[in-house]
Amino acid sequence: MKALEEKIVREGKVLPGDVLKVGSFLNQQIDTVFLKEMAAEACRLFSDCSVTKVLTVEASGIAFATAVALALGVP
């Protein structure tokens, strides 16, 4: 996930309280091409597992979890 690290460094903002804001590409605005790349990487990392469902916490994870679930073909 080097690409994610680089994107966070380039576009992420650290707010007071050490909160990392990634709204420019993952929350309020979604970089769909990048999201697809991240989902493909997650599929690669979990390709030897029998994934049947993707779960996430509500905050910041819904778009990513949805993309991964679509790529894996699971709910």
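The values are calculated or read from the model by the stated rules, or taken from the named source; none is laboratory data. Being a predicted model, the structure only gives us computed values, none of them experimental. As a convention, Cβ positions derive from the backbone with ideal geometry for all residues, glycine included, and neighbour counts pool all protein chains shown. Please note that ligands, DNA and RNA were not included when accessible areas were found on the heavy atoms of the full protein model with its side chains. Shrake-Rupley method; radii C 1.70, N 1.55, O 1.52, S 1.80 Å.
Looking at the range 9-28, can you tell me whether even one residue there is within 13 Å of the chain's Cα centre (by Cα) and either open to solvent by 90 Å² or more (accessible area, probe 1.4 Å) or modelled with pLDDT of 95 or more (or both)? Checking the range 9-28: not a single residue is within 13 Å of the chain's Cα centre (by Cα) and either open to solvent by 90 Å² or more (accessible area, probe 1.4 Å) or modelled with pLDDT of 95 or more (or both).
Criterion applied to VAL74, VAL68 was being more than 12 Å from the chain's Cα centre (by Cα), open to solvent by less than 100 Å² (accessible area, probe 1.4 Å) and at pLDDT 90 or above, and the one residue passing it is VAL74. Just one of the listed residues (LEU45, LEU70, LEU35, LEU20) is of a type outside the set (D, E, K, R) and touching a strand residue (DSSP E or B) at 6+ places or on another chain (Cβ under 9 Å), namely LEU20.
Go through the range 33-58 residue by residue and tally those that are over 14 Å from LEU72 (Cα atoms), modelled with pLDDT under 90, surrounded by fewer than 11 Cβ atoms within 10 Å (Cβ to Cβ) and not acidic (Asp, Glu). So the count comes out to 1.
Only a single item in (1) closer than 20 Å to GLU6 by Cβ; (2) in contact (Cβ under 8 Å) with a residue 12 or more places away in the chain is not met by GLY23, and it is number (2).
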